[in-house]
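Peer 1: Below is one structure. I have some questions about it.
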Amino acid sequence: VVNTGCSSSGVALHLACESLRRGECDLALAGGAFAVMGETILVGLAQTEMLSLSGRSSAFDAEADGMVMSEGAGMVVLKPLSRALADGDAIYGVIRASGINQDGASNGITAPSGAAQQELIGDVYRRYKIDPERISYIEAHGTGTRLGDPIEANALIAAFGALTQKRHFCAVGSAKSHIGHTSSNSGVTGLISVLLSLTHRRLPGLKGFKRLNPLIDFSETPFYPAAEPSQWEPADGQPRMAALSSFGHSGTNVHL
């Protein structure tokens, strides 16, 4: 059982990958579940003004006014690629790299550490020799808060900016704009969304997106908002690659 708040299932995915990499196991089930079993959590979030008054999760949008809490359960089966190929399994995607860190003290639940997010992303790409220019989609944590979304976007800009000068090759989206924030389940939900996008060669876009949050400037960066549903085709004949971030109010961050 992993409990790192909203990053719980993402951290579980990373721990499963690490166990497989070390040969501690040859098959893992990883994922998470979240259900609102009482009113306490919603009352608490409402009192901190974190919930959307409009009832919409407007991730990265100028009209973002807070989270929409949702419920979900998700699970994936993980195996080493060589083993999955030998066993003739249906393979929906390959996790090339993963990592976690802990950002220590922050300004509170509504203000995660952008510096820690930036450090994690850069560390994962350097350690696993991932070329960021190969990544054409980011499944962001993107909960639809006015402060949290810009912190995440600016961490991405800084992390990628240290590794590439290429512009506007990577879309940024969040499944939460469609189904809300499934809290401890949200990491695996984001992964399943990415796997479905790979399967159908289509990005779902940001539902109801109108205008980019004014605290985010993508003009001279690798990124652009996935404003509309779109075809997801490989560039230069290379396999499509996505990245996924999941952050928790515990301060534990994960990036795959």
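Peer 1: If I ask for residues that are closer than 12 Å to Phe60 by Cβ, open to solvent by less than 10 Å² (accessible area, probe 1.4 Å) and among the aliphatic types (A, V, I, L, M), which ones from the stretch 139-167 would you list?
Peer 2: Within the stretch 139-167, Ala140, Ala153, Leu156 meet the criteria.
Peer 1: Okay, moving on. Can you tell me how many residues within the stretch 9-27 are open to solvent by 10 Å² or more (accessible area, probe 1.4 Å), in a helix (DSSP H, G or I) and either at positive phi or hydroxyl-bearing (Ser, Thr, Tyr) (or both)?
Peer 2: The qualifying residues number 1.
Peer 1: Between a first residue in the stretch 106-124 that is surrounded by fewer than 21 Cβ atoms within 10 Å (Cβ to Cβ) and assigned to a helix (DSSP H, G or I) and a second residue that is modelled with pLDDT under 95 and charged (D, E, K, R), which pairs have beta carbons less than 7 Å apart while being 6 or more apart in sequence or on different chains?
Peer 2: Ala116/Asp103
Peer 1: Of Gly93, Gly88, which residue is touching a helix residue (DSSP H, G or I) at 6+ places or on another chain (Cβ under 6 Å), modelled with pLDDT of 95 or more, within 23 Å of Arg22 (Cα to Cα) and open to solvent by 10 Å² or more (accessible area, probe 1.4 Å)? Before the answer, list the steps.
Peer 2: Details: Gly88 fails: touching a helix residue (DSSP H, G or I) at 6+ places or on another chain (Cβ under 6 Å).
That would be Gly93, the only listed residue that is touching a helix residue (DSSP H, G or I) at 6+ places or on another chain (Cβ under 6 Å), modelled with pLDDT of 95 or more, within 23 Å of Arg22 (Cα to Cα) and open to solvent by 10 Å² or more (accessible area, probe 1.4 Å).
Peer 1: Can you pull out every residue in the stretch 178-205 that is among the hydroxyl-bearing types (Ser, Thr, Tyr) and assigned to a helix (DSSP H, G or I)?
Peer 2: Taking the stretch 178-205 first, the residues among the hydroxyl-bearing types (Ser, Thr, Tyr) are 182-184, 186, 189, 193, 197, 199.
Result: Ser183, Ser184, Ser186, Thr189, Ser193, Ser197, Thr199.
Peer 1: In the set Val1, Val94, Val36, which member is among the hydrophobic types (A, V, I, L, M, F, W, C), more than 29 Å from Leu206 (Cα to Cα) and part of a loop (DSSP other than H, G, I, E, B)? I'd like the intermediate steps shown before the answer.
Peer 2: Details: Val94 fails: more than 29 Å from Leu206 (Cα to Cα); Val36 fails: more than 29 Å from Leu206 (Cα to Cα).
Going through Val1, Val94, Val36 in turn, the sole match is Val1.
Peer 1: Considering only the stretch 47-74, state which residues are under 18 Å from Ala33 (Cα atoms), in a loop (DSSP other than H, G, I, E, B) and either of a type in the set (Gly, Ala, Ser) or in contact with an Asp or Glu (Cβ under 8 Å, 6 or more places away or on another chain) (or both).
Peer 2: Within the stretch 47-74, just Ser70 meets the criteria.
Peer 1: Further question: List the residue pairs whose Cβ atoms are under 6 Å apart, where the first residue sits in the stretch 207-228 and is under 14 Å from Asp149 (Cβ atoms) and among the β-branched types (Val, Ile, Thr), the second is modelled with pLDDT of 95 or more and surrounded by 13 or more Cβ atoms within 10 Å (Cβ to Cβ), and the two are 6 or more positions apart or on different chains.
Peer 2: Hits for this filter: Ile216/Ala153.
Peer 1: With the structure loaded, tell me whether Leu51 is open to solvent by less than 70 Å² (accessible area, probe 1.4 Å), free of Cβ contacts under 8 Å to residues at least 40 places away in the same chain, under 17 Å from Gly148 (Cβ atoms) and in contact with a helix residue (DSSP H, G or I) (Cβ under 8 Å, 6 or more places away or on another chain) or whether it fails that test.
Peer 2: Yes.
Peer 1: On to the next question. How about the stretch 149-172: which of its residues are closer than 21 Å to Met50 by Cβ, out of contact with any His (no Cβ under 8 Å at 6 or more places or on another chain) and of a type outside the set (Val, Ile, Thr)?
Peer 2: Going through the stretch 149-172, the residues closer than 21 Å to Met50 by Cβ turn out to be 149-155.
Checking the rest, the ones that are also out of contact with any His (no Cβ under 8 Å at 6 or more places or on another chain) come to 149-151, 153-155.
Asp149, Pro150, Ala153, Asn154, Ala155, listed by residue number.
Peer 1: Okay, moving on. Just the residues that are in a loop (DSSP other than H, G, I, E, B) and in contact with a Cys (Cβ under 8 Å, 6 or more places away or on another chain), please, taken from the stretch 206-249.
Peer 2: Pro222, Gly248, His249
Peer 1: Still on this model: Let me confirm something: among Ser136, Ser174, which residue is under 16 Å from Trp232 (Cβ atoms), polar (S, T, N, Q) and crowded, with 24+ Cβ neighbours inside 10 Å?
Peer 2: Values: Ser136 fails: crowded, with 24+ Cβ neighbours inside 10 Å.
That would be Ser174, the only listed residue that is under 16 Å from Trp232 (Cβ atoms), polar (S, T, N, Q) and crowded, with 24+ Cβ neighbours inside 10 Å.
The values are calculated or read from the model by the stated rules, or taken from the named source; none is laboratory data. Because the structure is a prediction, the values reported are computed rather than measured. All Cβ positions, even for glycine, are placed from backbone atoms using ideal geometry, and neighbour counts span all protein chains on display. With ligands, DNA and RNA removed, areas are computed over all heavy atoms of the protein, side chains included. Shrake-Rupley method; radii C 1.70, N 1.55, O 1.52, S 1.80 Å.
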